[in-house]
Amino acid sequence: MAGGSLPGLDRPGHGHSVGHPSLVAPFMSALAGAVLAYNQQDMTSLIRAVRQSNETLYGVLLDDHIMSLLKRHQLKQYVRRVTRGVEETAKAVEQILKEFKGPAGLDIDGIPLFKSPEAADSHWCTASKHLSCMQVGF
């Protein structure tokens, strides 16, 4: 399973329709977020470093506010990604599937991301069996 992808849910034509890039990208991003989280110690260190870089500007801000100001390249360079664990990942993916089987899964023309809710459920049934494999190597 290359790159931590979810078998059957990450390839066009396997559970989701082909040709809806406006939906595929947010769906894949959501799946990545379901599988991976930021290392909390790294995040705390980065927030502390940002705060110390300008106490006057950042000293009074809450951690959550500083996190919202971080740039993608800062996160990529200073904060490792870790897997969430099988149960947490499964819950998150199931929630994502539920959302994308509803209105969030329709493109501007009303065409659904998934061929059918049943197809998405069938592929998730297969993919969910591989969650523990994905926890290794990250």
Task: Single unsatisfied condition, residue 94 versus (1) at pLDDT 95 or above; (2) charged (D, E, K, R); (3) not assigned by TED's automatic domain parsing to the domain that holds residue 127 - done: (3)
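Residue-by-condition table, conditions (1) surrounded by fewer than 16 Cβ atoms within 10 Å (Cβ to Cβ); (2) under 21 Å from the mean Cα position of the chain (by Cα):
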{"site": "27", "(1), (2)": "no, yes"}
{"site": "44", "(1), (2)": "yes, yes"}
{"site": "54", "(1), (2)": "yes, no"}
{"site": "57", "(1), (2)": "yes, no"}
{"site": "60", "(1), (2)": "yes, no"}
{"site": "74", "(1), (2)": "yes, yes"}
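Residues that are touching a residue at least 24 places away in the same chain (Cβ under 8 Å): find the helices (runs of 4 or more DSSP H) completely inside the stretch 34-121 holding 1 or more of those.
By residue number, 40-53, 63-69, 72-78, 86-100.
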Task: Every pair of residues 6+ apart whose Cβ atoms lie under 6 Å, when the first sits in the stretch 15-30 and is in the same structural domain as residue 102 (by TED's automatic domain parsing) while the second is at pLDDT below 60 and exposed (fewer than 15 other Cβ atoms within 10 Å of the Cβ) - done: 18/12
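The values are calculated or read from the model by the stated rules, or taken from the named source; none is laboratory data. Every value quoted in this text rests on a predicted model; they were computed, and no experiment measured them. We place every Cβ from the backbone using ideal geometry, glycine too, and count neighbours over all the protein chains shown.
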